[in-house]
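Just so you know, all these numbers are worked out from the coordinates, no wet-lab data involved. The model shown is predicted, which means the values in this text are computed figures rather than measured ones. For neighbour counting, all protein chains shown are included, and Cβ atoms are generated from backbone atoms with ideal geometry for every residue, glycine included.
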Amino acid sequence: MQAARAVGFGVRVASRNYPAIARNALIQRSALSSRGAVRTVTLKPVSPSAASDVLNSQRIKRPSSPHFTIYQPQITWLGSIANRATGGALSGLLYAFSIAYLAGPVVGIPVDSAHIVELVHSLPEWAKVSFKTLLAAPFAYHAWNGVRHLAWDSVKLMTVKQVTRSGYAVLAATAFSTVYLVMM
């Protein structure tokens, strides 16, 4: 009855002495007729592939989530995205190098340690620094963010303020660690 009053039918229905089932039917009829349109729906059987096609065409017309366009970027979700990206990039690089190292002798490309040291030694200084920076920055970020996640796993740094501060601390530690690793 509370829902009927919220919609506006409570007074009219309560003034009559209808049983509960008739009252609900009366409310439904009144609600449908007050909107001005009564729709009839006919159901017809369709094949699973046709149903899937209809569903996919409806999904295409739906708007995507506006979270990137309406929310201000925050260190928490930017850090989460960066942690996943650096982890994926470092893992992909490790797999690519491992496969090249194992498949190199079979294919005829020398990827042994002596050739890698010779290649790095022959590079100009700017290329060495660039390559070391490209490796050190994601490694340092992912490592420091891993420490941050370990702190969260032990239920530390859990308030919003502490999470934000730890995010900036990870960025600072990443910058110092990257410079240190590049200068080694």
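Place +1 on the Cβ of every Lys and Arg and -1 on the Cβ of every Asp and Glu in the range 54-165, take the dipole about the Cα centre, and give the residue among Asn145, Gln162, Leu102 whose Cα lies farthest towards its positive end.
Going by the Cα projections, it comes out as Gln162.
Karplus couplings for the range 107-117 from phi (6.51 cos²θ - 1.76 cosθ + 1.60, θ = phi - 60°), rounded to Hz, Gly and Pro as x?
For the range 107-117, the Karplus-derived couplings read 7, x, 9, x, 10, 7, 4, 4, 5, 5, 5 Hz, x marking Gly and Pro.
Given R₀ = 41 Å, what would the calculated FRET efficiency be for Leu157 paired with Leu134, taking r from the Cβ atoms and rounding to 0.05? Working shown, then result.
Details: r = 29 Å, r/R0 = 0.72.
Efficiency, rounded to the nearest 0.05: 0.90.
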